[in-house]
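Report on the structure given below.
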Amino acid sequence: MTRPRPQDRKQPNAAMPGTFEPLPGGGAAVALDDVEISIIRSLAVQLMELIGPGPAEDDAADPLAGLFTEGPSEPPSDPVLRRLFPDAYSDPEGAPRGKEAEEQRAHSAEFRRYTENDLRAGKRDNALAVIRSLDALAPAGEGGAVLRLSPEASRQWLGALNDLRLAIGSRLEIRDEDDSDLLFHLPDEDPRKPMVMAYLWLGGLQETLVTTLMP
């Protein structure tokens with residue numbers, strides 16, 4: 001994914017992370033300025049482009065056929081897509097060998113064949129929901145707007161924010177919290193800095209949205 005350009009967002013010291021607040025009756029709301037709206041929308045569009053169209057979109061005349069379309073059996077070559085669609089059967093702590101490894105690959109291939117299309121469709125739907133909700137925003141004055149989400153839309157946003165952070169984290173090669181801490185202290189002239197700040201900012205949005213959805 002393409003990192004946001006430095007001129008596309010505020011300087012880290014001048015920007016506070018967005019905070020979702022619960023709405024009466026369910027759902028969540030957050031105030032976003034124009035720059036934040038632009039960044040989230042751009043990232044969601046890039047995510048949809050990365051995931052790509054689904055096979056059912058090529059067979060729109062026969063929706064029933066899409067139900068029986070098998071997905072790929074091999075993991076994606078792009079590291080971001082591998083992060084978004086990991087193997088179902090894998091043990092990162094201990095790499096199996098011999099027959100055990102062959103069985104694991106076979107189980108992963110079979111699971112991927114019958115689930116990846118649906119997973120891709122769900123992630124596309126979540127990203128599209130983000131784009132549409134941002135496009136429908138009415139200006140609230142002073143270069144911003146208040147986004148109000150239903151409970152269902154809140155869950156779609158949560159899924160999209162998680163996917164965006166996984167994608168950016170993959171590009172930054174973030175594997176654990178220590179990696180993100182080190183990246184946070186990068187000098188401002190480092191070309192990765194804007195992407196790191198976007199990663200941390202989206203994390204703040206995601207965390208507060210999770211809190212609003214907790215019973």
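Can you work out which of the residues in segment 75-109 that are acidic (Asp, Glu) and modelled with pLDDT of 75 or more is nearest to residue 44 (Cα to Cα)? Top of the filtered list is 78.
Every condition in (1) buried (at least 18 other Cβ atoms within 10 Å of the Cβ); (2) in a loop (DSSP other than H, G, I, E, B); (3) not aromatic (Phe, Trp, Tyr) holds for residue 173 except the one numbered (1).
Using the structure shown, decide if residue 168 is part of a loop (DSSP other than H, G, I, E, B), open to solvent by less than 40 Å² (accessible area, probe 1.4 Å) and aliphatic (A, V, I, L, M).
For residue 168, the condition - part of a loop (DSSP other than H, G, I, E, B), open to solvent by less than 40 Å² (accessible area, probe 1.4 Å) and aliphatic (A, V, I, L, M) - is not met.
In the set (1) of a type in the set (Asp, Glu); (2) at pLDDT below 50; (3) open to solvent by less than 40 Å² (accessible area, probe 1.4 Å), residue 33 fails one condition alone, (2). Just one of the listed residues (194, 187, 139, 151) is in contact (Cβ under 8 Å) with a residue 60 or more places away in the chain, out of contact with any Ser or Thr (no Cβ under 7 Å at 6 or more places or on another chain) and exposed (fewer than 15 other Cβ atoms within 10 Å of the Cβ), namely 151.
Taken over segment 125-155, the criterion of being within 22 Å of residue 46 (Cβ to Cβ) and among the aliphatic types (A, V, I, L, M) is satisfied by 127, 128, 129, 130, 131, 134, 136, 137, 145, 147, 149, 153.
If the condition is being in a loop (DSSP other than H, G, I, E, B) and in contact with a helix residue (DSSP H, G or I) (Cβ under 7 Å, 6 or more places away or on another chain), then segment 27-53 contributes only 27. Considering every residue within segment 200-210, establish whether at least one is over 19 Å from residue 39 (Cβ atoms) and touching a residue at least 12 places away in the same chain (Cβ under 8 Å). Yes, there is a match, as at least one residue in segment 200-210 is over 19 Å from residue 39 (Cβ atoms) and touching a residue at least 12 places away in the same chain (Cβ under 8 Å).
The values are calculated or read from the model by the stated rules, or taken from the named source; none is laboratory data. Note that this is a predicted model, so its numbers are computed, not measured. No Cβ is skipped: glycine too gets one built from the backbone with ideal geometry, and neighbour counts run over all protein chains shown. Please note that ligands, DNA and RNA were not included when accessible areas were found on the heavy atoms of the full protein model with its side chains. Shrake-Rupley method; radii C 1.70, N 1.55, O 1.52, S 1.80 Å.
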